1. Could you work out how far helix 233-249 tilts from the main Cα principal axis of the chain, as a 0 to 90 degree angle to the nearest 10?
2. I'd like the orientation of helix 2-29 relative to the chain: the angle between its Cα long axis and the longest Cα principal axis, in ° from 0 to 90, rounded to 10.
3. Calculate the tail of P(r) for segment 84-139: the fraction of all Cα-Cα distances greater than 17 Å, expressed in %.
4. Any chance you could give the angle, 0 to 90 degrees and rounded to 10, that helix 143-163 forms with the longest Cα principal axis of the chain?
5. Expected output is a single nm value to one decimal: the length gained when fully extending between Glu122 and Met76, i.e. 0.36 nm times separation in residues minus the C-alpha distance. What is it?
6. Let me check against my output: what whole-number percent is the relative contact order of segment 127-228, with C-alpha pairs under 8 Å and at least 6 apart?
7. Rounded, prolate or oblate: which one fits segment 70-220, using the alpha carbon gyration tensor with axes a ≥ b ≥ c (rounded when a/c is under 1.5, else prolate when a/b beats b/c, else oblate)?
8. Ranked from the most accessible area to the least, with a 1.4 Å probe and all protein chains present, what is the order of His84, His135?
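The values are calculated or read from the model by the stated rules, or taken from the named source; none is laboratory data. On a predicted model such as this, the values are computed, not experimentally measured, just so you know. Calculation scope for accessible area: heavy atoms of the full protein, side chains included, ligands and nucleic acids excluded. Shrake-Rupley method; radii C 1.70, N 1.55, O 1.52, S 1.80 Å.
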Amino acid sequence: MKNIFYIVFILFLFTGCLGLMEKTGRFLDGSVFAEKTIAVYRADNIDLSVARSKDGEQFIIITFKNYPMLQIRGSMPDNEGSFHFTSLEYLAGNVHGWNEYSLQMVGTGSFCLENGVLENIEDIETIQITQGRIHRYDTRITGNDALTALRNRRERILALCEWMDGPKGQDIKTFEKHWKPLFFPEITAKSRKPDSWRLDGDSFQRAEDINWNTGYTERIFPEELWPVRNSGTLLRDWEEALYWIYFKYEWDNIIDLFSGQIVFNKIK
């Protein structure tokens, strides 16, 4: 047990609080040791790694400098360089713990191991969360309970991002600064509240120790999100899955990173 706490302490020194939660989670369940990186290719803001699992299977992992919560995985390229996408892996921390899941993906592409060229990316589509875990305070939620909770949260996030219409290409801090006052004027400083956040005749509903302005909810949000905001569920999603909301909102920009031909330099 002392060794575990020693390693966790070292992780804290080198990664900070957010990285600590993520890396500690993978350390405690053993997944940090489950894969070995064989080769690493780097381009602007994107890394592509070739990895091998414990059972000897090889596959590729694509990561993004601006979206460190994501990994996109694909099959090992065949002799012609063709591969197919298999999953999107998400892992991100929050003040209460962390969420992680595997989301099935489809799509095809070509990657040449010799010259590091990635191209012909087509038909990328996400399907459904197939497994996941939630760590909330000192509770670990796994199995079907985690799967149900994560799938429900995904449906809410999809509905939210479909409605959201605003600037794209922002970093996470700018994204949060722009959207949080619009989502939650009740807990926002007076100088940053939207002008129309409270009008004569507005009603309020108390949930999660906050009096939610239901009139504002109905003026601003689509009807399907009214109960989500008025119950405080949207606030919980924001607090526990901000990075998830952020990457989903930016998803088209992430996919655009694959457009055309990308030439990587092999660094390992």
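1. The angle comes out near 40 degrees.
2. Once rounded, one gets 70 degrees.
3. Details: 832 of 1540 pairs.
When all Cα pairs of segment 84-139 are counted, 54 percent exceed 17 Å.
4. Tilt of helix 143-163: around 70 degrees.
5. Numbers: separation 46, 0.36 × 46 = 16.56 nm, distance 1.66 nm.
Length gained between Glu122 and Met76: 14.9 nm.
6. On the way: 72 pairs, mean separation 15.4, N = 102.
That works out to 15 percent.
7. Details: a/c = 2.83, a/b = 1.92, b/c = 1.47.
Prolate.
8. Working: His84 95, His135 40 Å².
Largest accessible area first, the residues go His84, His135.
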